[in-house]
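Heads up: the structure comes next, in structure tokens.
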Amino acid sequence: MTASLTLLILMAVLFGAGITIMLERSLTRVLIGFLLVGNSVNILIYLMSGMPGLAPILGEGVDPDEISDPLPQAFILTAIVINLGITSFMLALIYRSWWLAQLGDEGDSVDDTEDLLEDAEEAADLKRSSAEDDRAIQEVLDASDEEAPR
Amino acid sequence: MTPEALVPLVVLLPLIGAAVNLILGHHRRAQVAVSATVLTAVAVVATTLLMIVDEADRGISVAVGAWEAPWGIVLVVDRLSAIMVVISAVVLLGVLIYAVGQGLADQDRETPVSIFHPTYLILSAGVFNAFIAGDLFNLYVGFEILLAASYVLLTLGGTGERIRAGVTYIIVSLISSLFFLSAIALIYGATGTANIAQLSVRLAELPEQTQLMLHLLLLLAFGIKAAVFPLSFWLPDSYPTAPAPITAVFAGLLTKVGVYAIIRTETVIFADSDVSTLLLVVGGLTMIVGILGALTQADIKRLLSYTLVSHIGYMIFGIGVGTELGLAATIYYVVHHITVQTALFLTTGLIERFGSSTSITRLAGLLKASPLLAILFFIPALNLGGIPPFSGFLGKVGLFVAGAEGAPENVGGPAWLTWAVIAAGAITSLITLYALTRFWNMAFWRGRDELEGYDSVLLQSVQEFPDASGATTLTATRRTPVLMVVATTALVVVTILLTVFAGPIFDLAGRAAINLEPAMYVSVVFPEGVS
């Protein structure tokens, strides 16, 4: 079996970098490390499929020995999808732990009623001011109407 | 309908159920009905499969999507798979009923039911898929399904404590998954297949060192999942913080999926590469280190988590011995341990409700307050401690006999090592009994009035749970919902049934162990042979 040296080096670098970052305490860095290592494992799977060949579609005049091995590619696709799901969950978890770190356990009981009231007042102000604007415009219009016949 | 058509149902039903549950959203009753129906159906299907497989004396293999093995994914049900699916479905159903009881009583403050039911069914699908996977990569997918669901269940509600515990659990699981995936990649590179039956043939042709390296890498991944010493550090930190039913199902099932994968690795995948001496050493250490951890815990949930780790050691010991009797005893022990550990965690949930605490230093007088609860704790506790005539005793005796029979011929390792591990097993069993009866003495036997200023040698070495900052006196006992008690009682009854019908079940486990022969497994997937 032959393999591409470039990909091999890339895999090694990603592995090393990923593990180094994973050892940090910050959860976000752990996630980034996980992503790097996850991708390097994907490259490892790809390397294991042997030399690249034609697209793995069997048809007339296609020699089965010349196409690349489709199975590892299916593995990689599955692994990517799983990593995506795990990443989104980790992001939610990181956000949640940040939220708890900022506000503590009281974070959940922070009432947003005050915010809502403020918003409502602002909205009322806007409505009032826009109503006043409308009236003013109407007066100007009326005034111009009265002036027009002359 | 052919038996082949039944096999995919085991995974399909829970997945469809999960989808229906998501659609049903806030209709709680409908969700409960769907989940219960699905799990019952899986239990029935799996029992049917077990009967068919046992009758025919050969496994069933299904090529999913009519892609023939070794290219497509195959699902394989032999006796071991069927036994595992049956017992998991029963336990999952029991815990579901318990969780519903708790949810109804708590008005779902702790467990948002709209998330709980779909996730729970997906967890079940992952567990079942891992048990019937005939392909290493499909096994990986099964693991990922159950792990992703377990992440959600463990951090349910998102309190600070659960997030902290969840982060440890998730990162450890992620790393073990990366190991597993790398192992699959390297194995594929070496053999050009991920089909377990074909691997069994092709891996044996590899040079011995290559086999050993791939073998150890795969064992490392499974060892983390099965919580084998020294890879078990994460378990006692993460399991106890989840809600009681979730801890129960994790403790009962998730580690056993790892054990199941190790059984398959040792018997079928790497039948030719022998690491049984390592397994014996690791099994013995897991028993001793785990149970010593349990001794110092004041909190019953943490105590039980340590006994869980420690008793994984028995199964690893059985796999290490590796004789037919050894594997039969391991299978029986796995079934016993799934039910008894789940039952104990469910009882702990009841104790927590009833006594408002799980700490040995703050519980007292439960025997008088609730004799039923006392029985529900006492029977599984004796069972786990290995008191005759319970199934724990029978399983351990089976393992010890298997070890003793193999020892003179140095099966699995040098004779002195096998004897040492048997001794370790006996000691572990006694210490388990000590730890659990100590809890019994304090929480159930001791009078309520003795609680204030109580001093005993039994309590001198226990450590409080770091987060135990609750009230120092007992609050009024709460009523325990009927459903929770019914579910717990049902599981305790199952553990007793395992004892009563120990003969037939042990025979079945024996036949399952014979089925584990690599040639047998290969002939199920490839009747015409494979190279």
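The values are calculated or read from the model by the stated rules, or taken from the named source; none is laboratory data. Predicted model, so just to flag it, every value in this text is computed and none were measured. Glycine also receives a Cβ, built like all others from the backbone with ideal geometry; neighbour counts cover every protein chain displayed.
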Take B:Ser124 and tell me if it is under 23 Å from A:Leu23 (Cβ atoms) and away from chain A (no Cβ under 11 Å). no
Just one of (1) closer than 29 Å to A:Gly85 by Cβ; (2) surrounded by fewer than 20 Cβ atoms within 10 Å (Cβ to Cβ); (3) small (Gly, Ala, Ser) trips up B:Ala56, so point out which. (1)
In this structure, is B:Val113 touching a Lys or Arg at 6+ places or on another chain (Cβ under 8 Å) and either modelled with pLDDT under 85 or within 30 Å of B:Leu156 (Cβ to Cβ) (or both)? yes
Is it the case that the range A:52-61 has a residue that's under 22 Å from the mean Cα position of the chain (by Cα) and modelled with pLDDT of 75 or more? no
Output the helices (runs of 4 or more DSSP H) that fall wholly within the range B:145-261 and possess 2 or more residues being more than 12 Å from every other protein chain (Cβ to nearest Cβ) and within 29 Å of A:Phe15 (Cα to Cα), or say none. B:196-203, B:208-226, B:235-238
If you check B:Leu178 against the conditions, is it closer than 21 Å to B:Ile224 by Cβ and touching a residue at least 40 places away in the same chain (Cβ under 8 Å)? no
Tell me which residues, restricted to the range A:27-45, are free of Cβ contacts under 8 Å to residues at least 24 places away in the same chain, within 11 Å of chain B (Cβ to nearest Cβ) and of a type outside the set (A, V, I, L, M, F, W, C). A:Gly33
Of everything in the range B:512-531, what is surrounded by 19 or more Cβ atoms within 10 Å (Cβ to Cβ) and over 16 Å from B:Val76 (Cα atoms)? Give them in sequence order. none
Residue that is within 11 Å of chain B (Cβ to nearest Cβ), out of contact with any Gly (no Cβ under 7 Å at 6 or more places or on another chain) and on the phi > 0 side of the Ramachandran plot, where the choices are A:Gly50, A:Gly61: A:Gly50
Counted residues in the range A:75-97 being under 17 Å from B:Tyr188 (Cβ atoms), more than 9 Å from chain B (Cβ to nearest Cβ) and either touching a helix residue (DSSP H, G or I) at 6+ places or on another chain (Cβ under 8 Å) or modelled with pLDDT of 95 or more (or both) come to 2
Which pairs do you get when a residue that is within 28 Å of B:Val95 (Cα to Cα), found in the range B:40-61, comes within reach of a residue that is exposed (fewer than 15 other Cβ atoms within 10 Å of the Cβ), reach meaning Cβ atoms under 6 angstrom, with the pair 6+ apart or on two chains? none
I'd like the residue in the range A:2-28 that is in a loop (DSSP other than H, G, I, E, B) and aliphatic (A, V, I, L, M) and, out of all such residues, is nearest to A:Arg96 (Cα to Cα). A:Leu23
